[in-house]
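Taking it in order: structure first as structure tokens, then the write-up.
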Amino acid sequence: MIRRIGYVLIVALLLSSCGAKKKRTTHRRGAPVISGSDKTSTNTPKEAKEETGLYPMPEDTGRFERFPITDTQHYIETFAEVAQYEMRAYGIPASITLAQGILESGSGRGELTLKTNNHFGIKCHTGWQGEFDFHDDDAKGECFRKYNHPMYSFRDHSIFLSTRSRYAFLFNYKRDDYKKWAHGLRQAGYATDRKYPQKLIALIERYDLHEYDEAVVENGLSMVRDTKQYEVFTHEVKKGDTLYGISRRYDISVDELRRLNNLNDNIISIGQILNIRRAQ
């Protein structure tokens with residue numbers, strides 16, 4: 001039986017925390033330590049808050065919020081409803097989101113997650129202009145995205161998967177087919193571990209995470225994106241390009257372009273890679 005957390009309760013829980021107990025160095029994109037200096041995508045709490053409007057994102061207080069998670073079941077109870085809301089908004093199975101979060105964050109207790117609130121191991125990548133921190137992973141001192149609140153990490157995970165062309169085929173799968181999604185993520189290159197799909201599937205079945213998918217689908221809450229097929233690709237900005245001109249070329253609104261690429265304004269740079277998505 002699914003243990004649901006009331007909407008009001010989870011928002012209240014996620015908006016409150018025990019506060020930072022240890023001061024850590026915060027890095028912000030723009031320093032020359034990371035490759036890529038183009039004015040490209042950025043992810044900020046304000047943008048996340050203004051996203052789909054399906055539920056309120058927490059106000060950015062400028063303070064790094066900490067969540068004392070005791071075990072995997074506690075992690076699921078804390079973030080299951082968030083994963084379901086992200087499923088409604090972006091079409092990614094809640095079970096997949098939760099399983100990835102459990103695996104990548106060590107159920108919210110891993111070293112990287114504790115210092116960055118990064119629950120999905122998303123690295124900075126060229127163009128990231130949000131906060132970041134360094135952590136030894138595949139190589140020493142790699143750059144990982146940092147968030148003041150875990151909910152920004154869940155939203156960035158949804159945006160990351162839904163706006164990159166290599167993951168586009170996943171959105172043609174049924175939203176509750178977690179096995180195809182698990183294997184598809186490995187096929188698309190999300191992880192180098194050959195057993196990554198099996199690990200996700202094992203977590204989903206051990207903790208019955210697929211029931212969260214079923215609840216979303218059965219309640220008829222799969223949002224509009226769930227019923228459409230999308231063409232996903234990128235556009236490299238050339239000399240003379242404007243955001244308005246690109247929007248006209250691909251029949252997509254300027255607002256949608258800005259949302260897909262986390263742009264604060266209409267400024268773009270030559271060589272910048274823009275994510276484009278349009279209904280087929």
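Within region 71-87, identify whether any single residue is modelled with pLDDT under 90 and charged (D, E, K, R), and answer yes or no. Scanning region 71-87 turns up no residue that is modelled with pLDDT under 90 and charged (D, E, K, R).
Residue-level check: of (1) modelled with pLDDT under 90; (2) of a type in the set (A, V, I, L, M, F, W, C); (3) more than 30 Å from Ile252 (Cα to Cα), Leu114 misses just (1). With the requirement that a residue be touching a residue at least 12 places away in the same chain (Cβ under 8 Å) and either in a helix (DSSP H, G or I) or surrounded by fewer than 16 Cβ atoms within 10 Å (Cβ to Cβ) (or both), what does region 209-222 give you? The answer is His210, Glu211, Tyr212, Asp213, Glu214, Ala215, Val216, Val217, Leu221. Once region 242-270 is narrowed to residues that are assigned to a helix (DSSP H, G or I) and hydrophobic (A, V, I, L, M, F, W, C), the residue that is modelled with the lowest pLDDT is Leu260. For the condition surrounded by fewer than 22 Cβ atoms within 10 Å (Cβ to Cβ), in contact (Cβ under 8 Å) with a residue 24 or more places away in the chain and not β-branched (Val, Ile, Thr), Ala168 qualifies.
Of the residues making up region 171-192, those that are crowded, with 18+ Cβ neighbours inside 10 Å, assigned to a helix (DSSP H, G or I) and in contact (Cβ under 8 Å) with a residue 24 or more places away in the chain are Phe171, Tyr178, Trp181, Ala182, Leu185.
Would you check if Gly101 is under 18 Å from Leu185 (Cα atoms) and either in contact (Cβ under 8 Å) with a residue 40 or more places away in the chain or not assigned by TED's automatic domain parsing to the domain that holds Val217 (or both)? Yes, satisfied.
The values are calculated or read from the model by the stated rules, or taken from the named source; none is laboratory data. Remember, predicted model here, so these are calculated numbers, not experimental data. For neighbour counting, all protein chains shown are included, and Cβ atoms are generated from backbone atoms with ideal geometry for every residue, glycine included.
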